[in-house]
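Inspection log for the structure reproduced underneath, given as structure tokens.
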Amino acid sequence: MSELIENAPRRVSTGIAALDGILYGGLEAERLYLIEGSPGTGKTTLGLQYLLEGRANGEKGFYVTLSETKEELIAIARSHGWSLDGIEVHELVDPQGEAGQSHYTMFEPGEIELGNTLSSVQEHIELFKPNRLVFDSLSEMRLLSQGAFRYRRQILALKQFLSGRNCTTLLLDDKASGEDHQLQSLSHGVIRLEQHLTDYGKERRYLRVIKYRGSDFAGGVHDLQITRGGLVVFPQWLDSETQPLPDGKHLSSGLPALDKLLGGGVAEGSSTLLLGPAGVGKSSMGVQFAVEAAKRGDRAILFEFEESEHALLNRSEGLGLPLKKYIAEGLIEVNHLRPGEVTPNEFASLVRSSVEVDQDQKRTSVVIIDSLNGYLNAMPHEKFLVVHLNDILHYLGRRGVCTFLVVAQHGMLGRATSTPVDTSYLADAVVLFRYFEAEGQIHRAISVVKNRTASHEHTIREFALSSKGLTIGEPLTKFRGVFSGTPEFVGAHEALMPAKGNRNE
């Protein structure tokens with residue numbers, strides 16, 4: 001085994017850490033790779049990041065361009081906050097038609113043979129001896145070739161020329177003439193960049209590794225963004241198998257009556273659905289668990305798809321929950337996400353980066369997604385969102401994080417029983433919130449209808465919100481219409497909490 005490790009091929013970084021992870025260590029050195037995609041997908045940006053990474057490692061970078069001028073490349077680099085100092089740029093275009101006045105060798109694609117073009121490139125490679133080469137782009141090479149056979153023969157000649165020169169090469173191709181399977185077969189690896197316009201929000205870009213000869217890689221579609229600073233890749237997987245299983249310890253909600261309902265609290269690594277109609281107090285209960293985690297010295301993270309930061313802070317402070325205080329102390333983190341502008345893999349990467357941050361060695365014990373309805377509506381064009389979410393919950397569970405999913409049932413005061421997902425698939429526990437009627441007033445009720453991790457109470461308790469916080473009363477027994485969706489209390493009204501406790505004071 002040690003001999004195999006010693007003889008493993010050397011890898012070079014692409015300049016994008018997530019892409020290196022998808023390739024299980026980066027690109028195998030001294031090989032030729034094809035980067036293909038339609039215009040605007042980020043091929044040039046990827047090529048520049050690749051060369052800049054080499055420069056940072058003391059390697060020589062060489063950029064051959066037939067599609068853009070050096071000035072255009074400098075402008076692209078400047079838009080990302082980069083400098084191309086130390087990277088050799090060899091132009092094969094002349095925007096002004098004055099080749100003789102330029103410091104670089106320039107050609108018009110329609111005036112020169114492909115063989116002469118490649119000879120010029122080879123001469124410069126011989127002179128500069130780069131460790132990293134980017135050839136942009138092959139579509140112009142096709143125009144010069146005047147035939148598919150001659151074009152592929154010249155590409156093969158270029159590959160043979162680069163062999164043994166300690167140079168790792170990226171060939172950029174805009175797929176103007178469709179997929180070129182023969183070119184793919186000549187390449188050691190093929191990475192495809194794609195984009196499509198969604199029904200709502202910004203266009204979606206993504207990356208796929210089509211081929212990587214002699215090496216495994218993370219397959220599938222990986223989300224991609226072009227930002228100032230380069231390409232950002234969001235892999236579709238979450239690595240959690242290396243984490244030890246949680247020991248099953250239960251965490252308190254800070255409300256003794258709720259802990260009794262749950263059978264001792266919520267288990268580490270479990271997922272809990274807070275389920276009920278709008279306005280019944282589900283989000284407030286989520287904040288209660290976050291604040292209690294902060295009181296223990298743990299971190300809590302809220303992902304908000306609906307409520308604004310201003311409304312969240314005001315509501316929490318009105319309930320006596322010092323959310324703003326713990327945010328300032330770094331114990332609670334709130335992430336607000338805009339509908340239509342987040343992808344499933346991007347959200348998963350945000351969850352992972354937020355949970356794994358080492359802030360004064362404080363562990364993250366609580367994550368709240370508010371709400372699951374907002375999560376589904378934020379990405380209406382995506383398929384299999386619930387499967388994505390299940391992967392996230394599995395990852396968080398392996399890390400011992402208690403996850404709370406706020407789910408709004410359809411309907412307000414009437415029959416509110418339908419949910420947007422299969423609750424048994426996602427949740428270890430389900431806490432059900434309902435309204436009920438008594439003495440001409442609307443009250444709130446709370447019960448636990450499922451808990452895989454403990455033997456929970458099967459009672460219904462009254463639940464109230466006030467300026468003093470969240471209050472849960474003693475078990476109530478005299479109900480009518482519990483299973484119809486709108487319970488009505490028919491017992492002695494002295495058993496209820498004072499009416500003022502039912503108001504948001």
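Per-structure values
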| item | result |
| --- | --- |
| Qualifying residue in the stretch 363-374 (condition: within 13 Å of the chain's Cα centre (by Cα) and aliphatic (A, V, I, L, M)) | no |
| Meets criteria (modelled with pLDDT under 95 and under 24 Å from ASP174 (Cα atoms)) for ALA8 | no |
| Total residues in the stretch 222-265, condition at pLDDT 90 or above, assigned to a loop (DSSP other than H, G, I, E, B) and not charged (D, E, K, R) | 9 |
| Within the stretch 126-140, tally of residues that are aliphatic (A, V, I, L, M) and modelled with pLDDT under 90 | 1 |
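The rows are residues; the columns are (1) among the β-branched types (Val, Ile, Thr); (2) under 21 Å from GLU333 (Cβ atoms); (3) surrounded by fewer than 18 Cβ atoms within 10 Å (Cβ to Cβ); (4) modelled with pLDDT of 85 or more.
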| site | (1), (2), (3), (4) |
| --- | --- |
| ASP358 | no, yes, yes, no |
| GLN361 | no, yes, yes, no |
| VAL366 | yes, yes, no, yes |
| HIS381 | no, no, yes, no |
| VAL386 | yes, no, yes, no |
| LEU389 | no, yes, no, yes |
| TYR395 | no, yes, no, yes |
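The values are calculated or read from the model by the stated rules, or taken from the named source; none is laboratory data. Given the structure is predicted, the values throughout are model-derived calculations rather than measurements. Positions of Cβ are backbone-derived with ideal geometry, glycine not excepted, and every protein chain shown enters the neighbour counts.
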